[in-house]
Every structure is written in C-alpha cells, then in structure tokens.
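> Take a look at the following structure, please.
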Amino acid sequence: DGGITQSPKYLFRKEGQNVTLSCEQNLNHDAMYWYRQDPGQGLRLIYYSQIVNDFQKGDIAEGYSVSREKKESFPLTVTSAQKNPTAFYLCASSNQRGETQYFGPGTRLLVL
Amino acid sequence: EDKVVQSPLSLVVHEGDTVTLNCSYEVTNFRSLLWYKQEKKAPTFLFMLTSSGIEKKSGRLSSILDKKELFSILNITATQTGDSAVYLCAVDMNRDDKIIFGKGTRLHILP
C-alpha cells in the first residue's frame, strides 16, 4: 500500500539528548514537510524539502535539523538546542507543485 | 503577516444537527484552501478549493470558498458521533509550496 510512515509512535528524550524522528513515503512525492502540533495550536512548519538534497527552514526551524538524501526519506533531528521539544510531530508529503499534502500517523515526543 | 483564522474554536452539538465551520484568511499569493479532519492522530484530507462559488461535496460534508471575502465554510449535515474531531483549515500559498494552518475547530457531537 502507498503511504507515509513515521516512527516511532512515541519517543522519550532526556535533557541534552538529540533524537531523530523517521519519515518514509512510497508515494513518489517530491515534496516533504515536517510540522509540529501543540495543544490548542495549528500545525507549524519546521522544515520542508521540495527535492532530494535540498531543504528549507520553515517558521520554527530553530533547534531542529533535517536531511533529504533519498526521495523517500526525510528524517527530523530534534537537537538539545530545542528547549521545548514536547509536542506531536507530523510528517507530510505532496507532489512537487504543492498539491494536497498527505500526512503520516505522527510521533509524540516527550521529555523526561 | 499571513494568517488563517478558524471559528469557532470549539463547538458542541447534538447528533442530527447541522454545523457550519468558518475559516478566514489573509495571505499573499493564494493558491488553494484545504480542509482536513483530525481525529486521534494525523489529519486526513477532506477538500481542496481553488475557485470561488463552486461547492465541493462528499456525503454529508460540503465546502465552498469566497475569494473576494477571503473565507471558506465547511458544512456538515445530519451530524453523527463519528464526526467528532478537530477540523483544520489550511491555505496553500503560491510561494515555496508553503501551507499555513489555522488552529482548528474542535467539534464534539453528543449522542
């Protein structure tokens, strides 16, 4: 089945630790996105990538990093510089021209 | 500043009622407006609207866009408990393929 997968479903981070969230899609989409969702707030864009080996900062990129070495994969690293990482993280993908975005199931990150 | 505003933020109605959710926007380089339904996890796509005045329908859900007044509504008729969710409105800007989301309307349907 075509779709977007994210792992893990839940992730716990200790203070000062970097953690990486996985996002994989087999929809042959060029564009991929990472969003953060906090209670009572809409989705906020962290990073996006329109093509392999290229990515752009979104609205809240500080404390995060990404890579796009393969079309299918867009991992997000939450670094120790992100002071408030507890949130629900959603990955999405779309065709190159910004058509409808399809979302993965999300990863909930909690800080210990 | 580009923004998308949804109202109401939350809504509680009884099963069988009809509800109207609102989404207004102020963005540069509008391309399309999207509605999503978010239950427990990831949002699922409902509609994409690009032209004014053309209603999109899917079962009991329908939506329409007014590009002159910069808003969209999502209607749900004969609501069911399974319609309980957060409904997200988003605007796709014709600039770097970015999308801005509203904060959502939390809809709760009482049996």
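Quick note: the coordinates plus some simple rules give every number you see, no bench work behind them. Source: prediction; values computed, not measured. As a convention, Cβ positions derive from the backbone with ideal geometry for all residues, glycine included, and neighbour counts pool all protein chains shown.
> Rounded to the nearest 5, what % of the DSSP beta bridges within chain B are antiparallel ones?
Rounded to the nearest five, the antiparallel share is 90 percent.
> Can I ask one more? With unit charges on the beta carbons (Lys and Arg positive, Asp and Glu negative) and the dipole taken about the Cα centre of segment B:3-110, which residue among B:PRO8, B:SER58, B:VAL91 sits farthest to the positive side?
In segment B:3-110, that residue is B:VAL91.
> May I ask you to list the trypsin sites (Lys or Arg not before Pro) in segment B:44-99 that are in a DSSP loop and have at most 13 other Cβ atoms within 10 Å of their Cβ?
Working: sites: B:LYS56, B:LYS57, B:ARG60, B:LYS67, B:LYS68, B:ARG95, B:LYS98; in loops: B:ARG60, B:LYS67, B:LYS68, B:ARG95, B:LYS98.
Counting only loop positions with at most 13 other Cβ atoms within 10 Å, the trypsin sites (Lys or Arg not before Pro) in segment B:44-99 are B:ARG60, B:LYS68, B:ARG95.
> List the GluC sites (Glu not before Pro) within segment B:1-66 that DSSP assigns to loop and that have no more than 15 neighbouring Cβ atoms inside 10 Å. Before the final figure, lay out the partial values.
Working: sites: B:GLU1, B:GLU15, B:GLU26, B:GLU39, B:GLU55; in loops: B:GLU1, B:GLU15, B:GLU39, B:GLU55.
In loop regions of segment B:1-66 (DSSP not H, G, I, E or B), the sparsely surrounded GluC sites (Glu not before Pro) are B:GLU1, B:GLU15, B:GLU39, B:GLU55.
> Run the dipole for segment A:29-72 about the Cα centre, Lys and Arg Cβ at +1, Asp and Glu Cβ at -1, nothing else charged, and hand back the magnitude in debye, nearest 20. Write out the running numbers ahead of the final one.
Values: 6 positive and 7 negative charges, 7 e Å.
Computed charge dipole of segment A:29-72: roughly 40 debye.
> Ratio of Rg to Rh for the protein assembly as shown, alpha carbon only, Kirkwood? Walk me through the numbers before you get to the answer.
Values: Rg = 17.5 Å, Rh = 18.0 Å.
Result: Rg/Rh = 0.97.
> For segment B:3-110, what are Rg and Dmax over the alpha carbons, in angstrom?
13.3, 42
> If you don't mind, another one. Quick one: which residues, 5+ away or cross-chain, put their amide H under 5 Å from the amide H of B:SER84? H built at 1.01 Å from N.
B:ILE109
> Please identify every one of the trypsin sites (Lys or Arg not before Pro) in segment A:16-91 that sits in a loop by DSSP and has no more than 11 other beta carbons within 10 Å of its own beta carbon.
Details: sites: A:ARG36, A:ARG44, A:LYS57, A:ARG68, A:LYS70, A:LYS71, A:LYS83; in loops: A:ARG68, A:LYS71, A:LYS83.
In loop regions of segment A:16-91 (DSSP not H, G, I, E or B), the sparsely surrounded trypsin sites (Lys or Arg not before Pro) are A:LYS83.
> Please compute P(r) over all alpha-carbon pairs of segment B:1-64, binned at 5 Å starting from zero, and give each bin as a whole-number percent.
4, 12, 21, 28, 22, 10, 3, 1
> Let me see the pair-distance distribution of chain A: every alpha carbon pair, 10 Å bin width, integer percents in order.
Spelled out per bin, shortest first, that is 15, 52, 29, 4.
> If you don't mind, there's one more thing I want to ask. Assigning unit charges at the beta carbon (Lys, Arg +1; Asp, Glu -1) and nothing else, what dipole magnitude in debye, to the nearest 20, does chain A show about its Cα centre?
Numbers: 12 positive and 11 negative charges, 61 e Å.
Dipole of chain A, to the nearest 20 debye: 300 debye.
> Oh, and also: Expressed as a whole percent, how much of the Cα-Cα distance distribution for segment A:1-45 exceeds 12 Å?
On the way: 722 of 990 pairs.
For segment A:1-45, the fraction of Cα-Cα distances above 12 Å is 73 percent.
> Test of understanding: given chain A, find the longest segment containing no GluC sites (Glu not before Pro) that are in a DSSP loop and have at most 14 other Cβ atoms within 10 Å. It would help to have the intermediate numbers written out before the result.
Values: sites that count: A:GLU15, A:GLU62, A:GLU69.
The segment A:16-61 is the longest one with no such site.
> Answer with one residue from B:THR81, A:GLY16, B:VAL19: the one whose Cα lies farthest towards the positive end of the charge dipole of the protein assembly as shown, charges on Cβ with Lys, Arg +1 and Asp, Glu -1.
After comparing all options, I get A:GLY16.
> Rounded to the nearest 20 debye, what is the charge dipole size of segment B:1-110 about its Cα centre when +1 sits on each Lys and Arg Cβ and -1 on each Asp and Glu Cβ?
Numbers: 14 positive and 13 negative charges, 39 e Å.
Computed charge dipole of segment B:1-110: roughly 180 debye.
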